[in-house]
Ligand code: MSP
């Protein structure tokens, strides 16, 4: 049978300039939960994710790694595929912007926009942030700093092609006002509407100073602006410019709060110009923070999700992120909270019920679901199953994966209480049979609803319950018939923190043995710590006294256009004037394993006259020396 109900959902495509972090994982997990849920409901889903591989940011990262851009992105993109795999992401396509099919779609969109008379040549002069690959006006970037990255912006002055974005301001405002679900949640919608009260400028869409990107078809010395290139991935993944793209378009784009403008205003106006429908919804999630703050390399708080999965497994991480973070808002990650939620809400509640009910069936009813005689309490459970399914549906229609999960956990708590109240172990066989029949059927409903969140465990559980086919309309019914053979299994193992620590220690010791290089007798530095070292040459552009420490000074160092603030104790060696303009060597990435407790955004190692500022000993101390 042909399925006419289609649903297209995408994540943003990630910059593979460094390895994936927990924020990337969160976006993929939340999108996967929605995609799996829609499939359960019977939709023919297309779910895309991928990597955004062109632009200045990637070009510079490749240079730093001493590789060609192509070699660099080929290698780095693998980590993002790997991330999808370990997180159990059910994407249908992983798209890379360096693929031919993508280039073809970009050309087609560009030509459509051009045909519409919306491209013209001009001269661009303004501010640019390489980190977010975005132009800023002076009012958007006070003091010349990027509003997102707080780093000094580049001054760009060059010939450029422009897209007549300003022309679409009215149409965009109308669309946003008319279509309440175009930007979700409402707070983000209001933000964009308020920004659109200011005049909308045309967009510079090409660079001559950049080599790494898609050349403009009609003027090859210009390379396409990376966002104009990247956004089109949502069309290339579904076969645009071929007509078949219509099967899935328009999409739901899941993105983080930092790129809403790009996905609504820039993407929206490009589509309007090219004569393509606007996305169904731009669904904006918040950021995963650590200790209430944005993850930052300089503070060593960038969390590697692949390591987390190795430690806890993908189901636990998925469950935790979906449960803990209010969808659409920022939330905090901590391992303590993860252990707490998983142990108490997943394992003690659902896992425990699953084991007790299936085990009781095995020992008392030969593993076969018994016949029941439903009374008032059972009818109440049946009612709760129906209500839960309904409210889960409603929350998922609003894309509140967190609220939906809470409802499912609540249902599980109710069934647990019911089981406890009925005490089948102390009841007559007939009464016990009714309790077991009810609990097993409720477990089926709970498990199916949990499946998008914990696909691994749910698939084992459904197999044990002998559930082979799921029909969405029967999800809240007592569909497991008496006589059905089921298995008793333990779905989860409680996270034992002591046990975990022992495991970690053992792993660490093993790692040191295999990966460490001796510095001197008894001292070891892990190879991976050395690999993380990022040494760069910069120029001191500003020197100030430290506000709180007599012996220290504050330096601003320009490292290839990126300005870092360093704290140094150079007063005895140089005067402030001597330092200005000096070339220095800076150790950039202060990751936790590399340097601890350092607040500045780098460490000064040496000056161009050969003075070693920071004795190597200090660097060695900072490294995780064993
Ligand atoms: N390449 C662009 C997107 C182009 S889409 C056509 C980009 N890449 S990114 O790697 O910087 O970010 C990818 C996604 O991860 C974005 O949606 C971004 O908002 C999200 N996140 C980045 N850091 C995050 C957190 N700390 N928490 C949650 N999501 C975050 O932007």
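The values are calculated or read from the model by the stated rules, or taken from the named source; none is laboratory data. This structure is a prediction, so every number in the text was calculated from the model and none was measured. Positions of Cβ are backbone-derived with ideal geometry, glycine not excepted, and every protein chain shown enters the neighbour counts.
Summary table
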item: Pair list, Cβ under 8 Å, 6 or more apart: segment 16-38 residue under 21 Å from residue 301 (Cβ atoms), other residue within 7 Å of the ligand (Cβ to nearest atom) and assigned to a loop (DSSP other than H, G, I, E, B); result: 16/52; 21/295; 22/295; 23/287; 23/295
item: Residues located in segment 266-276, provided they are in contact with a strand residue (DSSP E or B) (Cβ under 9 Å, 6 or more places away or on another chain) and touching a residue at least 60 places away in the same chain (Cβ under 8 Å); result: 266, 268, 269, 270, 273
item: Residue within segment 237-245 that is surrounded by 19 or more Cβ atoms within 10 Å (Cβ to Cβ), within 15 Å of the ligand (Cβ to nearest atom) and more than 20 Å from the chain's Cα centre (by Cα) present; result: yes
item: Filtered residues of segment 302-323 (kept if without any contact (Cβ under 8 Å) to a residue 40 or more places away in the chain and either assigned to a loop (DSSP other than H, G, I, E, B) or in contact with a strand residue (DSSP E or B) (Cβ under 9 Å, 6 or more places away or on another chain) (or both)); result: 320
item: Residue list for segment 67-84, restricted to those being exposed (fewer than 14 other Cβ atoms within 10 Å of the Cβ) and either under 17 Å from residue 26 (Cβ atoms) or modelled with pLDDT under 95 (or both); result: 82
item: Residue 294 being more than 27 Å from residue 162 (Cα to Cα), more than 20 Å from the chain's Cα centre (by Cα) and either within 11 Å of the ligand (Cβ to nearest atom) or surrounded by fewer than 21 Cβ atoms within 10 Å (Cβ to Cβ) (or both); result: no
item: Flag for residue 261 being within 15 Å of the ligand (Cβ to nearest atom), surrounded by fewer than 20 Cβ atoms within 10 Å (Cβ to Cβ) and under 22 Å from the mean Cα position of the chain (by Cα); result: yes
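Each row is one residue, and each column tells you yes or no for (1) modelled with pLDDT of 70 or more; (2) exposed (fewer than 12 other Cβ atoms within 10 Å of the Cβ).
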site: 510; (1), (2): no, yes
site: 521; (1), (2): no, yes
site: 527; (1), (2): no, no
site: 546; (1), (2): yes, no
site: 566; (1), (2): yes, no
